[in-house]
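The structure under discussion appears below in the form of structure tokens.
The values are calculated or read from the model by the stated rules, or taken from the named source; none is laboratory data. In this text the structure is predicted, and so the values were computed from the model without any measurement.
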Amino acid sequence: MQARMPAEVGLAEICPYNSWMARPSSKPRPKQGARLAALRKAAGLSQTELAKAIYVSQQTVAYWETSSVPPRSDVLPSMAKALGVRVDEILADGPINAVRQPGPIGEVQRTFDEVRKLPRKQQLKIVETVQALVEQYKRKAS
């Protein structure tokens with residue numbers, strides 16, 4: 001038989017904090033997790049964006065960033081590509097190199113990955129449109 005809670009007991013009395021709000025960590029972040037978080041931020045990605053790029057959940061990325069457990073070996077190549085670094089840079093212990101590989105990141109990268117799957121003729125039309133928009137933006141900026 002299940003015990004029922006009185007109707008007058010509110011959620012705030014049951015839970016000391018909201019489950020959707022992150023609690024501040026009481027421990028310092030491990031080196032491996034801090035490195036992964038720094039690489040992700042340097043790439044301009046959120047945990048959710050990185051998770052989508054490597055086909056894992058946001059909670060998995062958060063776990064890797066807050067633990068000393070490195071990402072799984074099957075995920076490392078796609079993670080390195082999404083972050084714009086080499087696999088050994090994700091696992092390294094030294095300082096993070098500020099130099100990023102050139103190229104689009106995040107949502108732009110995913111969009112252009114989808115464009116690559118289109119027929120060549122459609123790809124060229126999209127490139128022409130994007131180039132025209134970039135030129136228009138440059139003219140307005142100067």
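Within segment 67-80, does at least one residue satisfy the condition of being over 16 Å from the mean Cα position of the chain (by Cα), at pLDDT 80 or above, assigned to a helix (DSSP H, G or I) and closer than 15 Å to R35 by Cα? Checked against the condition, which is being over 16 Å from the mean Cα position of the chain (by Cα), at pLDDT 80 or above, assigned to a helix (DSSP H, G or I) and closer than 15 Å to R35 by Cα, segment 67-80 yields no hits at all. Selection over segment 81-98 of residues that are within 13 Å of A43 (Cα to Cα), hydrophobic (A, V, I, L, M, F, W, C) and in a loop (DSSP other than H, G, I, E, B) gives a count of 3.
The rows are residues; the columns are (1) within 30 Å of K31 (Cα to Cα); (2) over 20 Å from the mean Cα position of the chain (by Cα); (3) modelled with pLDDT of 80 or more.
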| site | (1), (2), (3) |
| --- | --- |
| G94 | yes, yes, no |
| A98 | yes, no, no |
| P104 | yes, no, no |
| R110 | yes, no, no |
| K117 | no, yes, yes |
| Q122 | no, yes, yes |
| I126 | no, yes, yes |
| T129 | no, yes, yes |
